[in-house]
Amino acid sequence: MRPTCKATRSIEEPHLRATRFDFEPGAETGWHVHGADYVIVAVTDCEMLLEEPGGGTRRVTVPAGTAYSRKAGVEHNVVNAGPNAMTFVEVELL
């Protein structure tokens, strides 16, 4: 069993929500489905293992200071696959 990452909500507004996620090596978010479009901004270099429905996995590296966006409906578990702690901020567009 993996440890769970720490999620800290920093903004909660009717139109958006921002949450900081801090992962120790090997920590995970747990399986979840995104109910809104969202943007991820990497605070540190993020070496992610993305576990996907049906047993698929992908490794993704998101360099510190970069961002990506996804549409609502994404289902996955995010795991810190790197040797160092990683942090990103997720902004959900409600």
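Worth a mention:
- Ratio Rg/Rh [Cα only; Rh per Kirkwood] for the range 49-94: 0.96
- Distance between the modelled labels on T61 and M1, one decimal in nanometres: 3.3 nm (7 Å Cα→Cβ projection).
- Residues of the chain: accessible area per residue with a 1.4 Å probe, Å²: 57 Å²
- Assuming charge only on the beta carbon of Lys and Arg (+1) and of Asp and Glu (-1), the dipole of the chain about its Cα centre is about 40 debye to the nearest 20.
- Based on Cα contacts under 8 Å between residues 6+ apart, the range 1-69 shows a relative contact order of 25 percent.
- Kirkwood Rh, angstrom, the chain [1 / mean 1/r, Cα pairs]: 13.3 Å
- Heavy-atom SASA rank of E13, E90 (probe 1.4 Å, accessible area, largest first): E13, E90
- Here the spin labels are modelled as points 7 Å beyond Cα on the Cα-Cβ line, and at V74 and T8 they lie 2.3 nm apart.
- Point-to-point label distance, R20-V33, nm (Cα→Cβ direction, 7 Å offset): 3.1 nm
- For the chain, the antiparallel share of DSSP beta bridges with both residues in that region comes to about 95%.
The values are calculated or read from the model by the stated rules, or taken from the named source; none is laboratory data. As the structure is a prediction and not an experimental result, all values here were calculated from the model. For neighbour counting, all protein chains shown are included, and Cβ atoms are generated from backbone atoms with ideal geometry for every residue, glycine included. SASA here: full protein model, heavy atoms, side chains in, ligands and nucleic acids out. Shrake-Rupley method; radii C 1.70, N 1.55, O 1.52, S 1.80 Å.
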